[in-house]
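Read the figures in this text as sums done on the coordinates, not as results from a lab. Predicted model, so just to flag it, every value in this text is computed and none were measured. Quick reminder, even Gly has a Cβ in these numbers, built from the backbone with ideal geometry, and neighbours come from all protein chains shown.
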Amino acid sequence: VFGALLDLAAEVHGMLPSVRLDESPRMADFARVLAAVDKVLDTEGFARYLDRQDRLAEDSLSADDFIARLREKDYDAENRTSAEILADLTATYGKDEKPPRDWPKGGRAVTTLLRRHGPALRSLGWAVDEGTDKKRKVTTWTLTHPSAEQRRNSDPPDPPNPPTGSDLHKQGTESAGQ
């Protein structure tokens, strides 16, 4: 058994230089080794590892009521302060419905939540970017829902407008005058 393990370790070590990942997940070195093991043994450990990461991210995000509400409402924000995001999401509750007990009390708590859950949100396709508004001296956030991010990245650019008749006439008179 020990000899077989050493043989596997040697094969994996020899395979590592040729392993290229499309995207480096957390614990990238471990992921490369796992991908090399998959090549040697023809297994699917790397795919299971990525799936498990997604499920853990999903579990951690659904455990927080504020982040769950943000995801449920497909909230998008561009250069919004934490206090503005809090106000926006608090406003999604009706007059008869109150936010849960663990709802953040202020902007600082929202900043803490976004920083803590940012990596998990990103792993599920969200764009979470922290910035600074230097005039107001506050932290700002840009949050983009995965479907909006995918649309932005997959939409082909608008085709140029075809020239109109007057444009063609103008071009003809300009070239004739040269």
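Sparse packing (at most 12 other Cβ atoms within 10 Å of the Cβ) combined with a DSSP loop state is found for the following GluC sites (Glu not before Pro) in the stretch 1-75: GLU23, GLU44. What the phi angles of the stretch 105-118 give under the Karplus curve with 6.51, -1.76 and 1.60, with θ = phi - 60°, is a coupling list of 8, x, x, 4, 5, 5, 4, 4, 5, 5, 5, 5, 9, x Hz, glycine and proline written as x.
Amide H contacts of THR81 (H built 1.01 Å from N, in plane; Pro and chain starts excluded): TRP141 sit under 5 Å, all sequence-distant by 5 or more or on other chains. At full extension, LYS73 and ASP133 could sit 19.1 nm farther apart than now, given 0.36 nm per residue minus the alpha carbon distance. Here the convex hull built on the C-alpha positions of the stretch 1-105 has a volume of 164 cubic angstrom per residue. Placing +1 on the Cβ of every Lys and Arg and -1 on the Cβ of every Asp and Glu, with no other charges, gives the stretch 1-109 a dipole of roughly 420 debye about its Cα centre. Taking θ as phi - 60° and the Karplus parameters 6.51, -1.76 and 1.60, the scalar couplings of the stretch 36-51 work out to 5, 4, 4, 5, 5, 9, 6, 10, 10, x, 5, 5, 5, 4, 5, 4 Hz in sequence order, x denoting glycine and proline. Sites listed here are trypsin sites (Lys or Arg not before Pro) in the stretch 32-131 whose DSSP assignment is loop and whose Cβ has at most 16 other Cβ atoms within 10 Å: LYS73, LYS95, ARG101, LYS105. ASP51 sits among other residues whose Cβ lies under 12 Å from its own Cβ, and their net charge, with Lys and Arg +1 and Asp and Glu -1, is 0. Between the beta carbons of TYR93 and ASP29, assuming R0 = 41 Å, the FRET efficiency works out to 0.40 to the nearest 0.05.
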